[in-house]
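Report on one structure; see the data block that follows.
The numbers here are math on the coordinates, done by the rules we state, and not lab data. What you are looking at is a predicted structure, and each value in this text was computed from that prediction instead of being measured. Please note: Cβ atoms are built from the backbone with ideal geometry, for glycine as well, and neighbour counts cover all protein chains shown.
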Amino acid sequence: MQKNTKLIHFESPINDPYNANSTPIYQTATFELESASCHTKYDYSRSANPTRDVASVAIANIENAKYARAYSSGMAAINGVLGLLKSGDHLILGDDIYGGTYRIATQRLITHRGIEVSFIDLTNHQLIKNTIKPNTKMILVETPSNPLQKIADLQHIGTLSKTHNLLFVVDNSFMSPWLQQPFNFGANVVIHSATKFLSGHSDVSGGFAITNDEKLDQELGFILNAEGLALAPLDSWLILRGIKTLGLRIERQQQNALALIKYLQQNPLITKIYYPTLDTHPQHEIHKKQASGGGSLICVETRDIATSIKLVEKTKLFNTSVSFGSIHSSISLPSNMSHQSIPKDKQIIPPTLVRLSIGIEDVEDLINDIENSLT
Ligand SMILES: *Cc1c(COP(=O)(O)O)cnc(C)c1O
């Protein structure tokens, strides 16, 4: 099956007695047991729920993987995966990792759980190698990173992880499985914030952790149940619905992004454009090796901070909001918004950097909107 077909057709893990074409929402916390001693698959929705199981199978199917766990948010998924680490373990993260991951690393893992964390530039191969120690257990990678769009070489890190017996985890929220499939490069676990492209409509929070390793999946399932991280039934259904149009949405969003870039390249107020497939991107060749497109996030630097603020505040079609991946276009100033939890002296994001998440609107309207807000 090809990609669009796979989004819609997959083997459902549940048997609906009425053959509903849309997965039923099992909006229940408890299930009646047949006897006092019986152990069935479904007894309590924190542990397992049929609608959630269908959402997990759907995502595993598009990542070409065997197992997936569904969480109440991307951060719940990240927390669940970081739960694989023990006190004394060492974790390697990118130096421009998602703000929430930075926060959990600095204010939970280091302070409360005795885990060592190194934040490094993951584009520097020598530095990665030098950072690995005997107690290094995991490397968690985002590529492209958000918002600087630095590209980590998945093949390289996959090989290195295998040599040093590290768990190679990829947070693939930025690209989605449509554009990048980290299992092809040796990832052990792939994480998604389903709040972004998988849902696609900014109407639900969710996350996934996906793997091909049964033992890892069992451990993730144990943590998910023990810590109560699971995705709710209705939210599972919303994400399932979103997944079916993933391909259509992303192709359109990406096509709009490319047209908008052409416009931005000609605007003298825009001093720098970050987009992973542009020839001007220092790692565009690596990105093209591991992903099938540049996606729909564009970051720009402008002449000065006043211009950036004007751009963010004056656009009408771009909602000023954090997050990305929605059918609505949105715009943000990451150093002040999504990455605010990173202290100013640790910020490596230029203060004039504006992030644009491109939706499915007509691109002429988007271009006019940007043009008008800059003049
Ligand atoms: C949004 C995001 C997260 C967190 O996901 P939530 O659903 O907001 O909890 C994690 N990683 C990346 C790369 C993200 O963009």
What is the extension gain from Arg303 to Phe222, computed as 0.36 nm multiplied by their sequence separation minus the C-alpha to C-alpha distance, in nm to one decimal? 24.1 nm
How would you rank Cys38, Cys299, going from fewest to most other Cβ atoms within 10 Å of each one's own Cβ? Cys38, Cys299
What do you get for chymotrypsin sites (Phe, Trp or Tyr not before Pro) in segment 270-375 restricted to DSSP loop and a cutoff of at most 14 other Cβ within 10 Å of the site's Cβ? none
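Could you check what % of the DSSP bridge pairs in segment 253-371 are antiparallel, to the nearest 5?
Numbers: 11 of 13 bridges.
Antiparallel: roughly 85 percent of the beta bridges in segment 253-371.
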Using 1/(1 + (r/R0)^6) with R0 = 22 angstrom and r between the beta carbons of Thr5 and Gln255, what's the FRET efficiency to the nearest 0.05? 0.60
What aspartates and glutamates does Lys314 reach when the alpha-carbon gap must be under 15 Å and sequence neighbours fewer than 8 apart in one chain are set aside? Asp365, Asp369, Glu371
Looking at the chain, identify the longest residue range that excludes and avoids all GluC sites (Glu not before Pro) in DSSP loops having at most 12 other Cβ atoms within 10 Å. 35-375
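With a 10 Å Cβ neighbour count serving as the proxy for reagent exposure, in which order, fewest first, do Val189, Val141 appear?
Placing the least packed residue first, the sequence is Val141, Val189.
At most 12 other Cβ atoms within 10 Å and a DSSP loop assignment: could you name the chymotrypsin sites (Phe, Trp or Tyr not before Pro) in segment 14-114 that fit? Mind showing how you got there, number by number?
On the way: sites: Tyr18, Tyr26, Phe31, Tyr42, Tyr44, Tyr67, Tyr71, Tyr98, Tyr102; in loops: Tyr18, Tyr26, Phe31, Tyr42, Tyr98.
Passing both the DSSP loop test and the Cβ count: Tyr18.
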If each residue of separation counts as 0.36 nm, what is the full-extension length gain between Arg46 and Asn19 once their alpha-carbon separation is subtracted? 7.2 nm
Determine the alpha carbon to alpha carbon distance for each of Lys150/Lys262; Lys262/Lys346; Lys288/Lys310; Lys150/Lys244; Lys6/Lys137 and list only those over 24 Å. Lys262/Lys346; Lys288/Lys310; Lys150/Lys244; Lys6/Lys137
Under a 5 Å amide H to amide H cut-off, with H placed in plane at 1.01 Å, what residues pair with Val117 once short-range neighbours are removed? Leu91
How big is the gap, in Å, between the Cα center of segment 13-83 and the Cα center of segment 184-234? 11
If you take the beta carbon distance between Leu234 and Asn165 as r and set R0 to 41 Å, what does 1/(1 + (r/R0)^6) give as a FRET efficiency, to the nearest 0.05? 0.50
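Where does the chain land at 222 nm, in deg cm²/dmol rounded to the nearest 500, when only DSSP H runs of n ≥ 4 count, each adding -39500 (n - 2.57), divided by all residues? Please list the in-between numbers first.
Numbers: 14 runs with 135 residues, N = 375.
So the helix-based figure for the chain works out to -10500 deg cm²/dmol.
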Can you list the aspartates and glutamates whose alpha carbon is less than 12 Å from that of Lys272, not counting same-chain residues fewer than 8 positions off? Glu301, Asp304
How high is the relative contact order of the chain, in percent, counting Cα pairs under 8 Å that sit 6 or more residues apart? 17
